[in-house]
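Novice: Let me give you the structure first, and then I'll get to my questions.
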Amino acid sequence: MSVDKEINDNQIAFAEVEFALPAQGFRITCAISTEESLPVVTEFALRMIHISGAMRPDQIQRFFGFNEKEVAAVIRTLHEERLVRWEDESLELTHYALSRFLESSDSIPRFFKIRDWSNEVNFDLISFSPAGKRRRLGRDNPMIELSPRNPNKESNTLYWAERSFQENYRRILRQDRVEIYKISEVEPGEHFQIAVPCTFSLNLGTRLEIKRSIVEEALSDHLEISNAISDALSAPDVSGNSQLSKFAALFDDAVLNRFINNGTFNFSSYVESVHVARSVRYENGTEPLLGSLTLAHNRNILERWIESSVASPEGARQGESKSAFWLGPQSRFWSRSNRVRLLTDSINSLLRGEKLDREHEESEYEKQRKESGLRTVLQLAGIQDVAEWARVHRYNFVRLFGTGGEILGGKCELFLVPNKFVVVLFHYTHDYPIPIPLGFVSSDTGRVETARLIFEQLTTGKHKAYPLNRDSKEEIDLKKEFSALASG
């Protein structure tokens, strides 16, 4: 399933969240019995003896046309494998070989050999299903950690790893004709995390509903993992939608206002009219947006607007640094995906342009290029654990800042390229823990100026921004970082 289709099977994707599935490697040492085929001539000779009851060496020699040395080699192999015994001058099957025929439904003898096997096997620590190769993720990653409901599994990982190996050994060993003879040791290894991307969509049926789907098909059928995701979503996110009317008024959103009546928002009608049928449209220079900016459809729109803004006649070589500012909402599910980094890297690349060769490293263009790029600001008013918010967002946002202020109760998300355009999103709560971003992107000068004033107030005005990047050794000049927000 592709998580990037905006509308698919009567659904609109509005968010993607990556959950961190705890996992661990275990060194498993055991003995296994594997089915092995005999060489063709050896098996045929054995079947001839079985049909005849007994055969002399000269009879085998005449049948195959062997010389004495060749027939001696075949008989030696049969004898070493404990398949025949001498009875006077003839060869007969041993009880072991005869049992192989008796247990076969097609009269083809099958033989098993015991061999040692030792390897590291990965299991997730919630369903204890075999996991693939580990992917090393740093502590500063944006995923939401999952926890098991069953405390017994959490405290008895060796038992559950061994049990899962016994149930899934053919899949793990990638062999069908194999049996476990004996497990001698299970040693715990390194802990790691598995990324589980989960897409959240609006189901456009007779009644607008929210549906979630796990992208990894191998994990989607495990009830324990699905329950763990439900538990992670059980805590409510930001407050309700009381600020929606103020949002529409602040950004002069006449389209949104059409669906607000006496403080009640007709969300279903809004989605159908503005985003599906598109019977209600914004004026020129403004496009509607629904969902996270990291989803492919919205990402393509954003990148298109950025490309257009940086392709202006007054290019970067004339000394104009190109900056963008992203104001994150107060939502614990916002940007909780490693895919966000793909977008922020792309944004920085578009804003900074091509890097020059070494001999031009000190040029004005190269200095301007380094000063360009994306600054992200988190609204942290009322947030108790600021360090945790900083930790989960450091990976995705290279230049990350916090502010003690907020706008519209933290429900507003902005993306601004000064003097060019602004993305304005309200995080709407619709009977589900994950809010739905809705709004528009616009080049309207009034809306762009409104966004600039908000950023200015939250970073260098009433509230002062402060860096959230860990272990930053160089002192940050905040006035310089946010100089593009200055009026005039």
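Novice: Please count how many residues of segment 247-256 are touching a residue at least 12 places away in the same chain (Cβ under 8 Å), part of a helix (DSSP H, G or I) and within 20 Å of G409 (Cα to Cα).
Specialist: Restricting attention to segment 247-256, the residues satisfying the condition of being touching a residue at least 12 places away in the same chain (Cβ under 8 Å) are 247-248, 250-253, 255-256.
Keeping just the survivors that are part of a helix (DSSP H, G or I) gives 247-248, 250, 255-256.
Subsequent filtering for residues that are within 20 Å of G409 (Cα to Cα) retains 247-248, 250, 256.
Adding up the residues that qualify gives 4.
Novice: Just one of I454, I434, I407 is among the β-branched types (V, I, T) and more than 33 Å from the chain's Cα centre (by Cα); which is it? Don't jump to the end; show me each part of the working.
Specialist: Working: I434 fails: more than 33 Å from the chain's Cα centre (by Cα); I407 fails: more than 33 Å from the chain's Cα centre (by Cα).
After applying the criteria, what remains is I454.
Novice: Can you name the condition, by its number, that Q368 falls short on among (1) in contact with a Gly (Cβ under 8 Å, 6 or more places away or on another chain); (2) in a helix (DSSP H, G or I); (3) modelled with pLDDT of 90 or more?
Specialist: Among (1) in contact with a Gly (Cβ under 8 Å, 6 or more places away or on another chain); (2) in a helix (DSSP H, G or I); (3) modelled with pLDDT of 90 or more, Q368 violates only (3).
Novice: Would you pick out the residues in segment 1-43 that are surrounded by 19 or more Cβ atoms within 10 Å (Cβ to Cβ), modelled with pLDDT under 90 and of a type in the set (S, T, N, Q)?
Specialist: Result: Q11, single match.
Novice: Can you tell me which condition F426 does not meet? The list is (1) hydrophobic (A, V, I, L, M, F, W, C); (2) buried (at least 23 other Cβ atoms within 10 Å of the Cβ); (3) without any contact (Cβ under 8 Å) to a residue 60 or more places away in the chain, and all the others hold.
Specialist: Unmet condition: (3).
Novice: Restricted to segment 41-56, and to residues that are part of a helix (DSSP H, G or I) and not β-branched (V, I, T), which residue is farthest from R100 (Cα to Cα)? Before you say what the answer is, go through the steps one by one.
Specialist: Filtering segment 41-56 for residues part of a helix (DSSP H, G or I) gives 41-52.
From what's left, not β-branched (V, I, T): 43-48, 50, 52.
On the way: E43: 12, F44: 14, A45: 15, L46: 11, R47: 11, M48: 14, H50: 11, S52: 16 Å.
Filtering segment 41-56 for residues that are part of a helix (DSSP H, G or I) and not β-branched (V, I, T), the one farthest from R100 (Cα to Cα) comes out as S52.
Novice: Let me ask something else. Pairs, please: C-beta under 6 Å, at least 6 apart or cross-chain, first residue in contact (Cβ under 8 Å) with a residue 40 or more places away in the chain and more than 14 Å from R174 (Cα to Cα) and in segment 112-134, second of a type in the set (A, V, I, L, M) and part of a loop (DSSP other than H, G, I, E, B)?
Specialist: N122/A131; F123/A131; D124/A131
Novice: I'd like the residue in segment 44-80 that is in contact (Cβ under 8 Å) with a residue 40 or more places away in the chain and hydrophobic (A, V, I, L, M, F, W, C) and, out of all such residues, is surrounded by the most Cβ atoms within 10 Å (Cβ to Cβ). Even if it seems obvious, please write down each step before you answer.
Specialist: Restricting attention to segment 44-80, the residues satisfying the condition of being in contact (Cβ under 8 Å) with a residue 40 or more places away in the chain are 46-47, 49-50.
From the residues that got through so far, the ones that are hydrophobic (A, V, I, L, M, F, W, C) too are 46, 49.
Values: L46: 24, I49: 21.
Filtering first and then ranking leaves L46.
Novice: Applying the selection to segment 301-321, what residues are surrounded by 13 or more Cβ atoms within 10 Å (Cβ to Cβ), at pLDDT 60 or above and touching a helix residue (DSSP H, G or I) at 6+ places or on another chain (Cβ under 7 Å)?
Specialist: Scanning segment 301-321 gives E303, I306, V310, S321.
Novice: Enumerate the pairs (first residue in segment 386-402 and within 20 Å of F455 (Cα to Cα) and buried (at least 19 other Cβ atoms within 10 Å of the Cβ); second residue anywhere and among the aromatic types (F, W, Y) and at pLDDT 90 or above) with beta-carbon separation below 6 Å, excluding pairs fewer than 6 apart on the same chain, so at least 6 apart or on different chains.
Specialist: G402/Y466
Novice: Of all residues in segment 135-170, which are more than 19 Å from the chain's Cα centre (by Cα), touching a residue at least 12 places away in the same chain (Cβ under 8 Å) and farther than 16 Å from H191 by Cβ?
Specialist: R149, N150, E162, R163, S164, F165, Q166, N168, Y169
Novice: Please work out which residue is nearest to S337 (Cα to Cα), limiting yourself to segment 372-399 and to residues that are out of contact with any Ser or Thr (no Cβ under 7 Å at 6 or more places or on another chain) and assigned to a helix (DSSP H, G or I).
Specialist: Among them, the one singled out is V392.
Novice: Let me ask you something else. Could you tell me which numbered condition R470 fails, if it satisfies all but one of (1) within 35 Å of the chain's Cα centre (by Cα); (2) of a type outside the set (A, V, I, L, M, F, W, C); (3) modelled with pLDDT of 90 or more?
Specialist: Unmet for R470, out of (1) within 35 Å of the chain's Cα centre (by Cα); (2) of a type outside the set (A, V, I, L, M, F, W, C); (3) modelled with pLDDT of 90 or more: (3).
The values are calculated or read from the model by the stated rules, or taken from the named source; none is laboratory data. Because the structure is a prediction, the values reported are computed rather than measured. All Cβ positions, glycine included, derive from the backbone under ideal geometry; neighbour counts span all protein chains shown.
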